[in-house]
Amino acid sequence: MKSPQGDAPLLFPRVPWRGGQVTIGIVLVLVALLPVSAVALGLGTLAGGHKLAVAVLVSSQLLGLVILAVVWRLGLVRYRAPLSALGLTPPDLPWVQTAVLTLGALLASLGFNILYAMLVAPLDSDLLSPPDIPRAIAFPGPAVVFTFQALALWTPLAEEVFFRGFVFAGLIPRLGVPRALAASALVFSIFHLSQGSPGVLVPIFITGLLLAWLYYRTGSLWASIVAHGSQNAVALAGTLYQVWTTGQT
């Protein structure tokens, strides 16, 4: 259902939290990055041969819990808001239209990521090029399911609840939709600097814009969760397939 102006779903969550809570939430999650990374790396070192895979798994689970705890405390508990305030509801649009928009956002994000990588490749710049996904990020054999659980299920769920359900929606009353789209996407891309390369800023920013737009357009966070999880799954599967076909380790 759309508003009389035709520019937004009537049921898009109007959340009770505002920019102040959003800012505090961002700071808390940023502060948590260091101890979460330290614990993950420590446990990864103890794991021996699968150091990176364990570190990624642990950091994903812990950071997701921190994110959900922050949203729960600053948003849901503080204002006694229901889960529906985070957009965890069925879409406002028909399911077929929602599926088309979700697929479109996914393909647009994947397409831009590929195009960006192609454009910066001739520059041979570590500063601009997005980092390759290392094979060691995933467990070998059937245990790879734990990597997919962490990166294609848990991480997208937690990040969408935070960056779109909490940050984006909380900034709309103060900034308006266009600037809230840009601001939430910028925060999303800055958080991903933890991957170690500024080359992630532009493609992750565009992905953040598309995911926030998808949430706003459908009125349901599930659409952006599916698109986000699918993109992560495609990227991880592509890396594993390349390793398998080339015989790399």
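The values are calculated or read from the model by the stated rules, or taken from the named source; none is laboratory data. Because the structure is predicted, anything quoted here is derived from the model rather than measured. So basically every Cβ, Gly included, is an ideal-geometry build from the backbone, and we count neighbours across all protein chains shown. The accessibility values were calculated without ligands, DNA or RNA, using every heavy atom of the protein model including side chains. Shrake-Rupley method; radii C 1.70, N 1.55, O 1.52, S 1.80 Å.
Points to keep in mind about this one:
- Selection from region 205-234 of residues that are over 18 Å from Arg14 (Cβ atoms) and among the basic types (Lys, Arg): none
- One residue from Pro122, Pro130, Pro134, Pro142 being in contact with a Leu (Cβ under 7 Å, 6 or more places away or on another chain) and over 25 Å from Val66 (Cα atoms): Pro134
- Residue pairs whose Cβ atoms lie under 9 Å apart, separated by 6 or more positions or on different chains, with the first residue in region 188-211 and crowded, with 18+ Cβ neighbours inside 10 Å and the second of a type in the set (A, V, I, L, M, F, W, C) and assigned to a loop (DSSP other than H, G, I, E, B), are Gly199/Leu127; Gly199/Leu128.
- Residue in region 31-44 that is open to solvent by less than 40 Å² (accessible area, probe 1.4 Å) and under 20 Å from Leu211 (Cα atoms) present: no
- Failed item in (1) farther than 27 Å from Ile24 by Cβ; (2) open to solvent by 60 Å² or more (accessible area, probe 1.4 Å), with Pro91 passing the rest: (2)
- Phe162 being over 30 Å from Arg14 (Cβ atoms) and part of a helix (DSSP H, G or I): no
- Single unsatisfied condition, Pro130 versus (1) under 13 Å from the mean Cα position of the chain (by Cα); (2) touching a residue at least 60 places away in the same chain (Cβ under 8 Å); (3) open to solvent by less than 50 Å² (accessible area, probe 1.4 Å); (4) closer than 29 Å to Gly49 by Cβ: (1)
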